[in-house]
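For reference, the structure is listed below as structure tokens.
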Amino acid sequence: MNRKSFLKTTLASAFALSSLNSFSFSLRRSYNDKLPKLTLEEVMLESAPFSLAALPYAPDSLEPSIDKLTMEIHHDRHHKAYVDNLNKAVAGTPYEKLSLWDLLKEAGKAPAAIRNNAGGHWNHTFFWNVMSPKAGGSPKGELLDEINKTFGSFDKFKEEFAKAGTTRFGSGWAWLIVQDKKLVITSTPNQDNPLMDVAEKKGSPILALDVWEHAYYLKYQNKRADYITAFWNVVNWDAVSKNFENLKK
């Protein structure tokens with residue numbers, strides 16, 4: 001094949017792939033409209049077969065901080081894969097009857113496929129729900145008071161949380177949790193979370209940040225710190241405050 005023919009074939013293939021991607025995302029958007037709108041509590045109590053819930057907002061509504069294509073791939077491919085693989089991993093085992101909550105509590109005893117995919121399912125469901133369009137700013141009321149008391153100021157808290165995300169080697173998560181009635185910043189590797197029995201710091205999450213590369217690479221490439229800075233523009237502080245208040249009841 002000569003150079004002219006090679007280029008012609010390559011360009012045609014690229015166009016076909018682009019068209020296929022556009023078509024597949026159109027299908028996913030249509031599919032997403034049919035997904036159940038489950039609350040986080042409903043997801044926690046669900047047992048197999050586990051379900052992928054719809055995003056609580058349109059995939060383009062977090063732009064420019066998080067782009068539409070990243071959200072579509074992140075939810076429709078990555079999160080869906082965790083749900084599908086979790087269903088496969090528990091099928092025909094005693095774990096099949098356990099709720100997602102129970103799977104997290106017994107993560108240390110479960111096979112790696114169950115631990116990783118149960119964590120991936122819950123972590124992402126939680127993550128979607130602590131972000132929202134036209135959000136950002138700062139928390140108010142009791143949560144802000146507690147942040148100031150614990151970290152010195154809201155800006156100091158943001159610095160510490162960002163540090164937890166940027167220094168997490170490889171893939172993982174940064175968390176703000178309530179541990180023994182106190183706010184604690186921590187991070188976990190892979191798809192582990194502070195609810196698991198294997199967590200170095202255990203507690204109840206009220207805020208999460210996904211620092212896997214698939215969460216930011218299309219827009220930010222290797223600049224994880226820039227992604228974390230942009231994340232503050234989409235944090236749903238009303239939801240985070242509600243998580244905090246629920247833990248005090």
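The values are calculated or read from the model by the stated rules, or taken from the named source; none is laboratory data. All of these numbers come straight from a predicted model, not from anything done at the bench. Counting neighbours? That spans all protein chains shown, and the Cβs are built from the backbone with ideal geometry, glycine included. When the accessible area is computed, the model is the full protein with side chains, heavy atoms only, and any ligands, DNA or RNA have been set aside. Shrake-Rupley method; radii C 1.70, N 1.55, O 1.52, S 1.80 Å.
Given the options G152, G203, name the one that is surrounded by 14 or more Cβ atoms within 10 Å (Cβ to Cβ), of a type in the set (G, A, S), out of contact with any helix residue (DSSP H, G or I) (no Cβ under 7 Å at 6 or more places or on another chain) and over 27 Å from S61 (Cβ atoms).
Going through G152, G203 in turn, the sole match is G203.
Among the residues of region 213-240 satisfying the criterion of being in a loop (DSSP other than H, G, I, E, B) and in contact (Cβ under 8 Å) with a residue 60 or more places away in the chain, which is most open to solvent (accessible area, probe 1.4 Å)? Step by step, filter region 213-240, then rank; the result is N233.
Looking across region 51-89, the residues that are among the polar types (S, T, N, Q) and either at positive phi or out of contact with any Phe, Trp or Tyr (no Cβ under 8 Å at 6 or more places or on another chain) (or both) come down to S51, S61, N85. For region 79-102, the criterion of being closer than 18 Å to E42 by Cβ and of a type in the set (F, W, Y) is met by at least one residue. Residues that are surrounded by fewer than 16 Cβ atoms within 10 Å (Cβ to Cβ) and either of a type in the set (A, V, I, L, M) or without any contact (Cβ under 8 Å) to a residue 24 or more places away in the chain (or both) within region 182-197 comprise V184, P189, listed in sequence order.
Just checking, does region 134-147 include any residue being more than 18 Å from K242 (Cα to Cα), part of a helix (DSSP H, G or I) and without any contact (Cβ under 8 Å) to a residue 12 or more places away in the chain? No, because not a single residue in region 134-147 is more than 18 Å from K242 (Cα to Cα), part of a helix (DSSP H, G or I) and without any contact (Cβ under 8 Å) to a residue 12 or more places away in the chain. When W212, W237, W232 are checked against the criterion of being aromatic (F, W, Y) and closer than 18 Å to W122 by Cα, a single residue qualifies: W212. Being over 30 Å from E245 (Cα atoms) and either in contact (Cβ under 8 Å) with a residue 12 or more places away in the chain or not aromatic (F, W, Y) (or both) is the requirement here; does H121 meet it? Judged against the criteria, H121 is not a match. The set of residues in region 100-116 being open to solvent by 20 Å² or more (accessible area, probe 1.4 Å) and not in a loop (DSSP other than H, G, I, E, B) consists of W101, D102, K105, A112, A113, R115, N116.
For region 58-98, residues that are in a loop (DSSP other than H, G, I, E, B), out of contact with any Asp or Glu (no Cβ under 7 Å at 6 or more places or on another chain) and either buried (at least 16 other Cβ atoms within 10 Å of the Cβ) or not hydroxyl-bearing (S, T, Y) (or both) total 12.
Among the residues of region 72-101, the ones that are without any contact (Cβ under 8 Å) to a residue 40 or more places away in the chain, over 21 Å from A215 (Cα atoms) and charged (D, E, K, R) come to 1 in all.
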